[in-house]
1. Once amide H atoms are built 1.01 Å from N in the peptide plane, which residues 5 or more positions from B:CYS613, or in another chain, come under 5 Å H to H?
2. Provide the FRET efficiency to the nearest 0.05 for the B:ASP731-B:HIS549 pair, computing r from the beta carbons and using R0 = 25 Å.
3. Which pairs, out of B:LYS445/B:LYS493; B:LYS483/B:LYS697; B:LYS748/B:LYS805, put more than 28 Å between their alpha-carbon atoms?
4. Using each residue's phi in region B:384-390, evaluate 6.51 cos²θ - 1.76 cosθ + 1.60 at θ = phi - 60° and report the 3J(HN,Hα) Karplus result to the nearest Hz, with x for Gly and Pro.
5. Which length gain, in nm to one decimal place, applies between B:ASP590 and B:LEU252 when the Cα-Cα distance is subtracted from 0.36 nm times their residue separation?
6. Using 0.36 nm per residue of separation minus the Cα-Cα distance, give me the extension gain between B:GLU408 and B:ARG744 in nm, one decimal.
7. Ranking B:TYR501, B:TYR558 by Cβ neighbours within 10 Å, fewest first, what do you get?
8. Give, as ranges by residue number, the residues of region B:1093-1122 whose backbone N falls under 20 Å from the point 7 Å along Cα→Cβ of B:SER1134.
Amino acid sequence: MCESFCFIIAGHLDNPVFEMEFLPPGKAESNVDHHHLNWLITHTALSPIAENMRLPNHTDGYAVDQFKNWFVSAFVPAGHVLPDRRQEDGIKHFFIDDCDLYIKFAMNPHYEPNSPV
Amino acid sequence: MDAPEAPQPPVIYTMENKPIVTCAGDQNLFTSVYPTLSQQLPREPMEWRRSYGRAPKMIHLESNFVQFKEELLPKEGNKALLTFPFLHIYWTECCDTEVYKATVKDDLTKWQNILKAHSSVDWLIVVVENDAKKKNKTNILPRTSIVDKIRNDFCNKQSDRCVVLSDPLKDSSRTQESWNAFLTKLRTSLLMSFTKNLGKFEDDMRTLREKRTEPGWSFCDYFMVQEELAFVFEMLQQFEDALVQYDELDALFSQYVVNFGAGDGANWLAFFCEPVRSWNGLILRKPIDMEKRELIQRQEATLLDLRSYLFSRQCTLLLFLQRPWEVAQRALELLHSCVQELKLLEVSVPPGALDCWVFLSCLEVLQRIEGCCDRAQIDSNVAHTVGLWSYATEKLKSLGYLCGLVSEEGPNSEDLNRIVDLLAGLGAERPETANTAQSPYKKLKEALSSVEAFEKHYLDLSHATIEMHTSVGRTRSARLVGKDLAEFYMRKKSPQKAEIYLQGALKNYLAEGWALPITHTRKQLAECQKHLGQTENYLQTSSLLASDHHLTEEERKYFCQEILSFASRQTDSTGQKIVLPLHCFAHLRDLHFTPSNAVVHVGGVLSVDITLCSQMPIPVRVEQIAINVHFSIEKNNYRKTAEWLTKHKMANGVITFPAETSPLPAAQNNLPALELYEMFERSPSDNSLNTTGIICKNVHMLLRRQESSTSLETPSGVALEDGAHVLKCSDVTLEPGPNRITFRTQAKEPGTYTLRQLCASVGPVWFVLPHLYPLVQYDVYSQEPQLHVEPLADGLLAGIPQKVKFTVTTGHYTVKNGDSLQLSNAEAMLVLCHAENRAVIYSNTREKASDVLLRVQSSDKVTSISLPAAPAYHMIEFELEVLSLPSAPVTGGESSMLGTTEPHRKHKDTHRAGHCMATTDHKVSIDCPWSIYSTVIALTFSVPFRTTHSLLSAGTRKYIQVCVQNLSELDFQLSDGDLVDHGCGADLQLVPLNAKCPQAIHSKQSVFFVWELLWAREPPPSLRCRFSVGFSPASEGQLSVPLKPYTYEFQVENFFTLYNVKAEILPPSGTEHCRTGSLCSLEVSITRLSELLEVDKDEALTETDEYFSTKLMYEVVDNSSNWAVCGKSSGVISMPVAAQATHRVHMEVMPLFAGYLPLPDVRLFKYLPHHSAHSSQLDADSWIESDSLSLDKHLDDQPDSSSVRSRGSMHSASSGEHKGLPMPRLQALPPGQVFNSSTGTQILVIPSKDDHVLEVSVT
C-alpha cells in the first residue's frame, strides 16, 4: 500500500499557500493524475473544514473528511486553515510543528499574507 | 421501554431478553402474584451504583420470571450471560408450622443446596400472608413464627433475605405498603446481583483480553464474550454501555489491522484475509444479524462480515439512542476504513466487488435512517448524509465505468461477464427487503442491467448529491461531483451538458486559485469545447493549457500545436479574426524606448524594445506583432516643450510590467482586513496575568462563505482597437521564454503617443493584450532653432580675452554648408579669431556626433562664423574669445572741471558703491540663417580695476598719485605705467617715481604710481592727464593677442600753490612750554607765493593803481576741541597779489589738555563780494529744472564747488530776480592752491601745576 502524503496550507481566502507532496521512498515521481486528484480532494475538503470551524467547540479537527480512499486531516489554528491528508496519528505533531513554522514565517514583515510560501 | 423515536415498530427490534429470575416453591402462588409483580417492578427506577468509578445510573428493572430448574443454573465456564439467572426466588404461602416442617422446609433446603452447589448466592424467600387463610385457621401460631423459623433456618445473618408480602391481591394500604417493601427489596437484590455477576464477568473478560498476545487467542471468541456483556447492557437498556462494548471491539480490531499493516500480524487475522466472495452490503433492518453472528462464532466470517455485523449492532444501538446522524457519519467512516483495511490486509477482492458493497451499504444506511426519521428531519440534516450520497454516486460511477455501461457501445461480453459475477456476489435478496420496491439490492441490480438504467440511476444520484451539497453550502464538493458528471457526459458524447459543469468547477477553482484542479478542469473543458466546435473558446483554453506548467511537455506541445494547426488551416480562407487574450500566450515583461526618455523630435527615429515571454512550449512563428498607438495633441503645450520633456522624463526608460498575478483569488481580495486585538485575561483574585492572546474581531466577516458570482474567465470579449498609428513587427518567431522584439518608428506629428494594445497574430488568431498598464507613452516634439551665447566663466572681464560659448540648437532646421552667423561687431568688443576654433556637433541626446573646424572671418563691421553642416535636432557648440577693450571712467580731479566724456563710447559705465567692478554691456546683434530677425545678445564685461588719482603738494612742488585697485579674482601683471599730459605740451614735465619692472597686482590689492610735476614756465590752470598701464593676467603665459593697456583719464585743476599758511603757537612769554589753562599766542602767517595768475581773476580781485589785491577770509577751527580760541577766530584780510606778500594774524588760544597737541586748523576762503552771491541761494527747484541735461552724468560724481559754480554761471542771468540778502560769500580755495606748511606739527602742552587732575591727551 503506497503511503503518500500531500500537505497543503490554505490561506484564509481558501487559496493554496503551500503545497508539498511526500512520496513513499522508492517512488520517484507521482503520476500527474494522482497529483491533481490530491489537490481536488484537498480543495473539496475545505468546505467541511469550514463547517467544522463554525461549530462552537471546534478543535484541531483531525480526519475531517474521507474521500476516494484518502483521509483528509485538518488543523485549524486561530485564523489559519491547514488541510492535509492523513494516515497516522503522528500527524498532530506534524501539524503543530508546521503551524509554528508557518507563524514564524508569517511574522516576517516581507511576507504578504496569503501569498504562496 | 421501547425506543420512542421509532414510528415504525416493525423496523426497530427491541431486545426481547430480560434478566432471568427463577421462581421456586409454590407455583400457583407465584402465578397469582405475577401480573402485579411484572407490572409493578419496572414502575420505579432504582439507582445502580457501578464499579470502577462508573457513574451511577437510574435504571428501570424488568425481569423474565421463569420456573426454577436446575438446568438453568450456569455450569462452570459457561460465559453466556443472557441466560444467566440473576436472582432465585422461593415463594411460599405456608402459615402452618406443621406444614412448614413437613414439606416446605425440605423443599427449601433442597433448593438452597442446589443453589449452593452452583455457588449462586442471589436468592430471596418470599412469604405471602393471606388474611383469608388466617381467618380460617385461627389456632395457628402467630404468623411471625413461620417467618422467623425460615429466617432461623436459612437466612443466618441475612434476615433480609426473607421478605413478607401481605395480602398481595387486596387493595389496602397495608397491601400497598407490603408490596412496596417487597419490590424495593427485589430491585435491590437484582441490582446487587447484576453488580456482582457483571463485575465478575467483566473481570473474566479483561483477563481474556489481556491474553490476546498469546498464540491461541482468537478475536472471534473474545468478540462473543464482550458482545455478551453488550447484550446484557442492552437488556438492561443501557445502550450507551452496550455501544461502548462494540466500540471497544471495533477499536481493537482496527488496531490489529493497522498493526498487521505495520508487519505485526496476528494468527487469527489470517482468516480475515480470505478472499472476499460475498459483497451484499450492510444489513441494518434486523437488530441482530444472527446469520453473520454465527459466522463469527464459527470463526468463518470474512472481514466484511465482521465489519457489517459490528456496524449493524452499533447502528441499532445508535438508533436506540436517537442518534441517527451519527450512524451516517460512522457509516461513511466505516466504508472508507473497510476499503483501506482490505487493502492493508491484502485481501483479494474481485474488481467492482467493493464498489458494490459500498454502494449497497450507503443506500442501506440511508434507507435505514430515512426509515426512522421524518422528511423534515432528514432535510435539515443533509449535511450528515450527503457524504454517503456522494460516496454512493462515486461508486456507482466506477461500477459503470468498470462494466462498460458508460460507453456508447454498451457493455461487451467481457463486461457482461463481469456484471454477472458481481451480481452473483450479491447473493439472493434478503427476505426483509424483498418486498421493498426501492431496496438497494434492487437498485444495484437494475442499474447494472442496462446502459439506460445505469444512466438513469447515476444521473438521479448525481443530481441529488449535487443538490444536497449545494444546499448545505459545500459548493466545492458539488463541483467535484459535477466534474465527474461532466466526464460522464463526455463519455456519452453530450458535451453540451458537460460544459456547464466544467465551467462551474473551473470558476470555483479559479476564484480560489487552485492551480492543479484548474489545469485538470481546463483539460476536460478543452476537449468539451473541441467537440462543441466552440473554436474561439477552444483556442483560448488551448493556449491557456499550452502555457500551463503543470502539464507535461507533450501535453503542452499538443495544445500549442492545436492552435498552430488551426491557424494554418484558416490562412487561405478570409475567415474572421479570432481574438484571444495575450496573457495566455505570452507575457509582456518589459518595454523600453530608445532614446530612453521616450522623447523624440519630429522626424527622429524611436525604437521600442519589448520583452515578450512566450509561454508556449515550442517556438511559434508570429506573422505580426503590433502595438496600437493612440495619438493625442497635448493641450498644455508648455509641458511638451523640448526642454521640459528632456528634463522631466525619467532617464532609464525601462517600464516593467507586473507579472501576471497568477492564481491568487482576485475576486476575494476585497475582503476586510483582519482586525486583531490583544487579549489579556487576569485572574480576578490577584490580578496576575492568566492568559494572553490575540483575538480576531471580525472572524464572522472573514470566514463568511464567499460565493463569487463573477466569471473570471470570460472567453475573449477583447475588442480590437483600430488605430491609425500602429507599430509593427512582422514575421517574428517567438522562442519559449523571453524574446526581444524591436519596433522602429519615425516620429511624424508632434504630440503624445500612448501605447494601447499589443497584438500578436498567428494566422487568423490574434492574441491581444487589451490594455498596457502601467501607461506607456512617448512624446514627439518640434523645436525652433535657437542660439544661446553665454560666458564660460561666471563673469566676463574687460580687457583680457574671455571665452564665450555659442550653442546653436538646430531644432527642425538643418544647417547647411555655407550657413553662417553674422555678428555685427560692437566697436569696443573684439571677436578674436583663432585658426583652430573647433565646433562640436552633438546629437539631441548629448552624444557627440562630430568635431569640425570652425571658420571665422572678421571684417570691420561683421564677424562671420561659418556653421558646420548639421542635421536637424542637433546642437552645435563652439567657443569664441572676445575682448572688451579696457577703459576706466573718466573722472575729474579733486579740484578740476569735469572733462568731456567720450561721446563715441556706447557703453554705460556704472559705478556702484563699495568694491563692485564697473561693468560694460556690449550688445551684439547676430543674424542667424534660419531667421530674418537679428538676435541681439548682451554681454556684460566687468572692468577689473578701479583707479583713483590724487594731487599731492609739498610747498610748490606737486606730485600726482594714481592708485590702481584690482577688484577681480584674478591676479594681474602691471607694466609700463605711464602718465601723459595731453593738454599743453612741453613746458610741463611728468617725472615718474615708479619702478620700471612689471608689478604684480593681486586680487583685491592696490598698486600706486606717483609722478612729480615739473614745469618751466607758468603752469596752466588745469592738466589733462591720461594714465595708462599695460596689464596681463598673471597666470597665463603667452597671450594670443596683444592687449591694449588700461587707460585712465583725469583732469587736475588749480594745482599751483598760491598761498602758504603757517601757524605757530608760542608759549606765554617767560615760559618754556604751554600750560593748560594758560593763554598762548597763535601766530598765523599767510604768504602769497606767486604773482598774479589767471586763476586769480575773479570777483574777489580788486585793482587799485596797478596794484592787485584779493580778499581772503581765514578761520581757525579746532575740531578736536583741544584749543579754546579766545577772541576772534576768523577775519577777512585783503591780500596783495604779489609774491612773498605776507599777512600775519595774531590770536590767543588756550590749550584745554596737556600733551602734544596738534595745532588748530587754519582755513582760508576767498571772500566774494555780495553782489555776485545769488547762485548760492538758489532754491532747489530751479536747480533740478535747469539741470536736466547734465544731471544724470555728473550730479553724483561732482558735488564740488566747481560744478556749482559752472551751473551758477549758467543761471546767473535767468535767476537775477532771485535775490537773497546781499551777503558776501565764501569760497573755499582748492586744496592745490593752499599749502599748509604747519600741518601735522604738534606742540607740547604741560599740565598746569595747581591742577589736581592730570589730563593728558595724546593724539
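Rule-based calculations on the coordinates, nothing more; no lab input. All values reported here derive from a predicted model rather than from experimental measurement. All Cβ positions, glycine included, derive from the backbone under ideal geometry; neighbour counts span all protein chains shown.
1. Here B:HIS587, B:LEU588, B:ARG589, B:ASN739 satisfy the definition.
2. Given R0 = 25 Å and the Cβ-Cβ separation, E is 0.35.
3. Working: B:LYS445/B:LYS493 25 Å; B:LYS483/B:LYS697 37 Å; B:LYS748/B:LYS805 32 Å.
Table pairs above 28 Å Cα-Cα are B:LYS483/B:LYS697; B:LYS748/B:LYS805.
4. 7, 9, 5, x, 5, 4, 4
5. So the extension gain works out to 115.2 nm.
6. Extra length from B:GLU408 to B:ARG744 when fully extended: 115.2 nm.
7. B:TYR558, B:TYR501
8. Label zone hits: B:1093, B:1096-1115.
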